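See below for the structure under consideration.
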Amino acid sequence: MEGLQFRRILLKLSGEALAGDQGTGIDPQAAGHIAERVREVRQMGVDVAIVIGAGNLWRGRTGIGLGMDRATADYMGMLATVMNALALMDALENIGVVTRVQSAIEMRSVAEPYIRRRAIRHLEKGRVVIFGGGTGNPYFSTDTAAALRAMEIDADVLIKATKVDGVYDSDPHRNPDAVRFDRLSYIETLNRRLEVMDSTAISLCMENKLPILVLNLWDETALRRALLGESSGTLVTAD
C-alpha cells in the first residue's frame, strides 16, 4: 500500500490484552479482536511480528513477594507467554492469517525454536510471527524481549499496544488533567520515569535508534492511521 510509514512492525501486547473484561485467563473473544486488528495490518502489506506478555496468567513479582526464587518465577512467566502465543495464533488462523509461533525456550511439539533467519523468512512470506518465551533468560521482561526481537528482525518501529491513546504525564484514568505527549525523546522518557516500557527496553531502543510508538490498539483506526503516517499515539525517538 502506498503511503505506508512503516513496512515491518513488532507489536508488543500485554498478557491482559487476551483476558478481556474478566482480567485474568484467556478470553477467545478478546483474542479474536486482536486478531482482527492484526489481519487488517497484514492486508495493508505490513510485516507483523508480535511479543506478548503473561500478566493474565502469571505475575512473577507476586511469586517473588511470597518468597519464590526470582529465576523460577521468571521461567514460569516465560512459559505462560507461550500459552498466550498459542491462543493468539489460533485466533489468527481462524480468520485466515497464517501464523508461526517461535519460542526462546525450546518446546518443539508446540512451537518452533527461535531462529532469527527463519523468523525473517516467515515475515518475507507474509506470515505473522509470534515470539514466545521472552528472551529465554530470567531477569528480563517481555518489554526487553520485544525490543531485542524488533532489532533482530530489522523492524521499522516497536509498537506498544495499550488501552490509552498515548503516553501521559500521569495516569489519565485517575487524573482528568493529565497531559498527553505527541512525541518524546528516549532521554526525556527515562528522566520522567514515564511508564512506556521498562528502562532496559527503552535504553536498548535508544542505542539502536529504534522508534517506539505507544497507541490504543482498541481504537479501531489508531494502528492504521499510525502506519499511514497520520497522528496517532505517542512516538518516542531520539529527537
Item to check | Breaking point among (1) over 20 Å from Ala222 (Cβ atoms); (2) within 16 Å of the chain's Cα centre (by Cα), for Val48 | outcome: (1)
Item to check | Subset of the range 161-183 [touching a helix residue (DSSP H, G or I) at 6+ places or on another chain (Cβ under 8 Å) and at pLDDT 90 or above] | outcome: Ala161, Val167
Next on the checklist: So, in the range 139-160, exactly how many residues are modelled with pLDDT under 95 and touching a Phe, Trp or Tyr at 6+ places or on another chain (Cβ under 6 Å)?
Outcome noted: 0
Item to check | From the options Tyr139, Tyr114, Tyr168, residue that is closer than 21 Å to Val38 by Cβ and among the aromatic types (Phe, Trp, Tyr) | outcome: Tyr114
Checklist entry - When you look at Thr144, is it buried (at least 20 other Cβ atoms within 10 Å of the Cβ) and assigned to a loop (DSSP other than H, G, I, E, B), yes or no? => result no
Checklist outcome for this item: Exactly one of Leu57, Leu92 is of a type outside the set (Ser, Thr, Tyr), assigned to a loop (DSSP other than H, G, I, E, B) and in contact with a Ser or Thr (Cβ under 8 Å, 6 or more places away or on another chain), and that one is Leu57
Checklist entry - Counting just the residues of the range 1-45 that are closer than 19 Å to Val164 by Cβ and part of a loop (DSSP other than H, G, I, E, B), which one comes out farthest from the chain's Cα centre (by Cα)? => result Gly23
Item to check | Tally, over the range 84-121, of residues that are closer than 26 Å to Gln43 by Cα and either touching a helix residue (DSSP H, G or I) at 6+ places or on another chain (Cβ under 6 Å) or buried (at least 19 other Cβ atoms within 10 Å of the Cβ) (or both) | outcome: 18
Checklist outcome for this item: Taking the range 201-239 and keeping residues exposed (fewer than 15 other Cβ atoms within 10 Å of the Cβ) and not in a loop (DSSP other than H, G, I, E, B) leaves Glu207
Next on the checklist: I'm told Lys12 meets every condition in (1) of a type outside the set (A, V, I, L, M); (2) within 20 Å of Asp219 (Cβ to Cβ); (3) buried (at least 18 other Cβ atoms within 10 Å of the Cβ); (4) at pLDDT below 95 except one. Can you identify the failing condition by its number?
Outcome noted: (4)
Next on the checklist: Could you list, ordered by first residue, the pairs with Cβ atoms under 6 Å in which the first is in the range 169-192 and β-branched (Val, Ile, Thr) and the second is part of a strand (DSSP E or B), at least 6 apart or interchain?
Outcome noted: Thr189/Val236
Item to check | From Met197, Met206, residue being touching a residue at least 40 places away in the same chain (Cβ under 8 Å) and touching a helix residue (DSSP H, G or I) at 6+ places or on another chain (Cβ under 7 Å) | outcome: Met197
Checklist outcome for this item: With the first residue restricted to the range 1-25 and required to be under 23 Å from Ala91 (Cα atoms), and the second required to be in a loop (DSSP other than H, G, I, E, B) and of a type in the set (Ser, Thr, Tyr), Cβ contacts under 9 Å at 6 or more apart or on different chains are Glu16/Thr24
Next on the checklist: Of everything in the range 167-196, what is in contact with a strand residue (DSSP E or B) (Cβ under 6 Å, 6 or more places away or on another chain) and among the hydrophobic types (A, V, I, L, M, F, W, C)? Give them in sequence order.
Outcome noted: Val167, Ala178, Phe181, Leu184, Leu194, Val196
Checklist entry - Given the structure, is Ala222 out of contact with any helix residue (DSSP H, G or I) (no Cβ under 7 Å at 6 or more places or on another chain), hydrophobic (A, V, I, L, M, F, W, C) and without any contact (Cβ under 8 Å) to a residue 60 or more places away in the chain? => result yes
Next on the checklist: Taking the criterion of being in contact (Cβ under 8 Å) with a residue 24 or more places away in the chain, under 29 Å from Gly3 (Cα atoms) and in a helix (DSSP H, G or I), would at least one residue in the range 111-119 satisfy it?
Outcome noted: yes
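The values are calculated or read from the model by the stated rules, or taken from the named source; none is laboratory data. Quantities reported herein were computed from a predicted structural model and do not represent experimental measurements. In this analysis, Cβ positions are derived from the backbone assuming ideal geometry, glycine residues included, and neighbour counts consider all displayed protein chains.
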